[in-house]
1. Is it the case that segment B:1081-1095 has a residue that's within 9 Å of chain A (Cβ to nearest Cβ), over 21 Å from B:H986 (Cα atoms) and of a type in the set (A, V, I, L, M)?
2. Look at segment A:83-128 and say how many of its residues are within 11 Å of the chain's Cα centre (by Cα), within 14 Å of chain B (Cβ to nearest Cβ) and in contact (Cβ under 8 Å) with a residue 40 or more places away in the chain.
3. Regarding segment B:631-647, can at least one residue be identified that is in a helix (DSSP H, G or I), crowded, with 17+ Cβ neighbours inside 10 Å and in contact (Cβ under 8 Å) with a residue 60 or more places away in the chain?
4. Can B:I1038 be described as in contact with a helix residue (DSSP H, G or I) (Cβ under 9 Å, 6 or more places away or on another chain), β-branched (V, I, T) and farther than 17 Å from A:V99 by Cβ?
5. Within segment B:1021-1041, which residues are in a helix (DSSP H, G or I) and within 12 Å of chain A (Cβ to nearest Cβ)?
6. If A:T79 satisfies every condition in (1) out of contact with any helix residue (DSSP H, G or I) (no Cβ under 7 Å at 6 or more places or on another chain); (2) of a type in the set (S, T, Y); (3) more than 14 Å from chain B (Cβ to nearest Cβ) but one, which is the exception?
7. Restricting to segment A:55-107, name every residue that is part of a helix (DSSP H, G or I), closer than 17 Å to A:L126 by Cβ and among the polar types (S, T, N, Q).
8. I need a count of the residues in segment B:550-583 that are assigned to a helix (DSSP H, G or I) and among the polar types (S, T, N, Q).
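The values are calculated or read from the model by the stated rules, or taken from the named source; none is laboratory data. Please read these numbers as outputs of a predicted model, since none were measured by experiment. For neighbour counting, all protein chains shown are included, and Cβ atoms are generated from backbone atoms with ideal geometry for every residue, glycine included.
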Amino acid sequence: MVSGLINENPTVYERKERRVRTDSTNTDEFSVEPIDQLEIFDHIRDIRDPEHPYSLEQLKVLTEDSVEVDDHKSYVRVTFTPTVEHCSMATIIGLSVRVKLMRSLPPRYKIDIRVAPGSHATEAALNKQLNDKERVAAALENPNLVEMVDECLSPSFE
Amino acid sequence: MAALNNLTEHLEAFVDVTRSPTHHAESLRAIATSLEKSVLSINQLVVEMDMYLTTTDDVVRARGRILLLAEMLDYLKPKPLDNAVVNSLVGFFTAKLAEWRSVRGALTGCLALIKRKGVAGLVTAVDAEAVAKSMAQSVQVQSLALYDRKLCFELLECLLEQYPEAMINLGDLMVYATCEAIDGEKDPPCLMVAFHVVELLARLFPSPSGPVASEASDLFEFISCYFPLHYTHTKGDETSIPREDLSRGLSVDSLKCLKDCAVNYGVSRMKKHYEGIWSAIKDALYASTGTDLSFGLESLTSPGFEMGEIHREAVNLLQRLVKQDISFLGLVADDIRVKMIFDTISRYSRYEEMLDTSKLEVLVVSQILSVSARASVESCNTIFETFFVRLMNTLGIVEKTSSGDLVHNENSTVSTRLYHGGLHLCIELLTASKDLIPSSEEDSSTPESAQQSWCSIVNRFSVSLIEAFTSAVQSSNDDCSADAYLGVKGLLAMGMFRGGSSPVSRSEFEKILTTLTSIITANSAKTVKWELALKALVCMGSFIDQYHESEKAMSYMGIVVENLVSLVRSSHCSLPHPMILEATSEVCSTRPTYVEKMVQGFEEAFCSSFSDFCVNGNFKSIENCSQLLECVTNKLLPRLTEIDGLEKSLVHFAISMWNQIESSVVFSYDFNGREFVEAAMKTMRQIVGVASVDSQNSIIQKAYNVISSSTLPAMESIPLTFAALEGLQRDLSTRDELILSLFASAVIGASPMASFADVKSLIKLFMVSSLKGYISAAQALGSMVNKLGTGLEEACDTIFHESSASGNNTSSVDSSKSIGGSETLLAKICLGFYGSLDLQTRAITGLAWIGKGLLMRGDKRVNEIAHVLVECLKSTNSSGNALHPSALKHAADAFLTLMSDSEVCLNRKFHAVIRPLYKQRFFSITVPILESLIVNSQTPLSRTMLHVALAHVISNVPVTVILDNTKKLLPVILEGLSVLSVDSEHKETLFSLLLVLSGTLTDIKGQQSVSDNAHRIIECLVKLTSYPHLMVVRETAIQCLATLLELPHRRIYPFRREVLQAVTKALDDPKRRVREEAIKCRQAWTSISSRSTPF
């Protein structure tokens, strides 16, 4: 295990103001509000970085544009950008995002988590690992990992 | 004495250390209240505490004797006590300071006694001295616990503050004790008090050879070790102050301190620091000013940008310095940044085009100059001489010559240039200077020769200035509000100079008013410009009223008010009617005389529009009438208390309405909408509601006369028999319908004191019309039975009795013995014995309103009405005929009418007689009946309707009643929820019932039964999470499920799977809010399992 921090001095950005949705819902009881980019971003923006007390949004690991969603096809893809290329925490981040979305989205959704192209040394391996059902399930059998993930997720449930 | 019996109990509770702190506090409060009410005297208390006082158990003694007594005194601070009692108590506590076990009690007691103020029985100086002595000699502050230490310091502080003479007598001892107490203190809150104590000591012993001086080195040593203060702010500590707050606080403090220096040290000593201070002020202003200048409506009367605390203090300091010494202004005037401003201004014409740095320059320099100008007349003169003239040149604004003509330099191309920055600066200066005009009282004392030069400067430029502002407004278009804003704000600034010495002459003032008024009348849509102009006019109106500017008031009346009022009267103008009404009502409410004028105008406008409609059938006119009435109800009536004399005008208006209707005998055209009638009813109701009893009587009298001139009295002659009622239709003419509705409204608004001439025929009229289907008549009936005094019996007789004394043989069977019971004609119609379905449902609705009136005043007859309504909810009546579903529905809704608060009638605003707890009473009468009927209900429809009725009763009763009966009600509520969820028709009722359920879930009173019924509750809520007809139901159901997690683990764990399934389904809800709740709820339920499951 590395004892020091992987990225000792990350750049911290402003949090974006949470957009309040203009409530068009009150007018029509039966209109459907599809799950959209902002809604998904709202689910994951507050996930905490595994090694810093900042949210993924503050570190620009995630932005609103990093979410692609198609409600009809039940498909969502999140592309995240680790702060440093050799970040070994990227798996934990990816796993946290996946777990958070699994808990927040209806089961019909297929979730695809990716590292932004060129942002990580072992990009291909990472992508494979994060989207392999078996390996994700196995990872979540590991109580240490689950604990870590839960800790990262705790602020996003508040 | 009961009090004494309880006392022992409370004492027991307090002394017992094993009980919880809340328990202690409770018993303490109980004893204190009885002492306060003088049920118990202190002496009695001491006698009663005998056992605790003499016991050998230290703990009990300390708690019982001392702490209790001390806390008691703390409670009783405001209660006057006998001096002897105070004296002996002080002695007691003083002695106890030496015993460390009881030191907390003793300290609390001393502190409570010393803090006593005024008449409450004071501690004498001798006693205070004794306290201080005892404390100094026997209390080892630093060996005590944190809380006790704080008490010690507070006690010292109090002693020094309140008994300075006594403390001076003690001299050395006090200083020594303080040193000892502080030495080694580490807790910040204690230190804060301690520092204050030292400060007080130093103030008490100022002499250089006094005790403080001799101990000074020691004191300094103890205290100096705390400096410098290290700022060790830990994250997540909520009580501590974040760094930014600290730095802001320090800046504010230093600015304040500098201001105090300026006040105390005087000009000569401050002078050498001027440059430093000036640059500090500048820095503070530049740092604390933002670049966002708002051009919005709300900033018309404010600076237009945000002002922080630092900013405010910097401004105060600057103003103080300039006021004190005019030479400070030299620094301001010579400042390079200030000088540069004219360049900056003339570089950009539009504010948006400026760079942020330039915006900042403009805003800060305008602040600096306007604040300096505001400081004194002298400084204002200087600023205007140095800057204003130059500014005018930059803006190309020319002055007028002594002859009044404008100087036009022919060969120059100078014309007015509307630089936004310049206009802003100019407005700031004008606004600053207007406060310097002495008010009329001071006016006489200042000789006219002191006519200030700034005044004459403004005067020289006033014509061109007004022109410039006017052209700014007029040149503005919709996408640029800055022009309009600056123009209007400038005009407003020019119009707000008060008094006779104003630099703006009357004709110029009138020109301003004309310009603003023309903006209002010329715009046909509600633009920013329009709103700005309106607000400016309103400001000027209230300014005139505030300073009693009678001359200006006349101009205002002539130009603004009359213009607008005449627009209201004329039916043809380009401005939409609602906008005229808004402008008029806003402008005119600034002064009572304008209001009078306006209401007169409204009256005329109403009458002419109304007759225009009646004669020519102009539907536009009747629409105008409705808008006018809406304006009266929405704009004028809410401000009744603010505007004097409005009530009288409005009553006059109401009577005019009646007059107009009376004189319009023939309605050539029918209404095509209810809008006008609704508006007229609302206005009439509210005017009567707010009018005095005399005015009410005169309106009702007038209405009576109109009624008798109509065909309505014919209805009174309709006998209340079945045969006569059967054929009733809604067959009134439009005019009669209007008259009836208005009359009903007047009755609804009337107070119980108002008098009605012929109750019997009135009741008859309303009865017949309510059976014809006029709801307002039914409401009027309800109001009458609610408010009538002596006439009530007669009224009830007419409603219930006489109705059955008819020739109809089926109903004549000894009907006289029951008052409101099922034997009367009304009841029989309700139960569908005869008559059409329409008649039946109308009768049920009517009965509900009558019942509401009786219920609210606590009349017994409501029981029988409830009985009839309950009968209607059964599927068949007593003779075995099935009731129509619609009748059942109306009967169920009748319970809503009875229980809910109505906006329209029978509320406080309309003087209803309301007995307290009437809802509770009705609840306890009806709920058992409805419950038993539900059990025995014969058809599903009847069962549903019974549940609807029950839901109405349950959801309208105060929630505490529900909580007291949770055990009994919970099963019914749950059954109701599942019955009501079948049909979308009951969705609102379902929702209110669900809210009742959610209220019971968390309350401690209901916890046991909620826990017992957990399985049923969860089952029901799970079903509601997919209720398709109303989003809030789903949302609330999910929230309730999350709340249920507070129940004991063993009760809810079995339902985990079921709940998670339902909530997971809700993750795919079409509505976002439901999904959000579902995620939270799912997370909460997932985490109760022993093993953390990821999904």
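1. Checked against the condition, which is being within 9 Å of chain A (Cβ to nearest Cβ), over 21 Å from B:H986 (Cα atoms) and of a type in the set (A, V, I, L, M), segment B:1081-1095 yields at least one hit.
2. Going through segment A:83-128 one residue at a time, the tally reaches 7.
3. Scanning segment B:631-647 turns up no residue that is in a helix (DSSP H, G or I), crowded, with 17+ Cβ neighbours inside 10 Å and in contact (Cβ under 8 Å) with a residue 60 or more places away in the chain.
4. In short, yes.
5. B:M1031, B:V1032, B:V1033, B:R1034, B:E1035
6. In the conditions (1) out of contact with any helix residue (DSSP H, G or I) (no Cβ under 7 Å at 6 or more places or on another chain); (2) of a type in the set (S, T, Y); (3) more than 14 Å from chain B (Cβ to nearest Cβ), A:T79 misses (1) alone.
7. Selection gives A:S66, A:T91, A:S96.
8. 4
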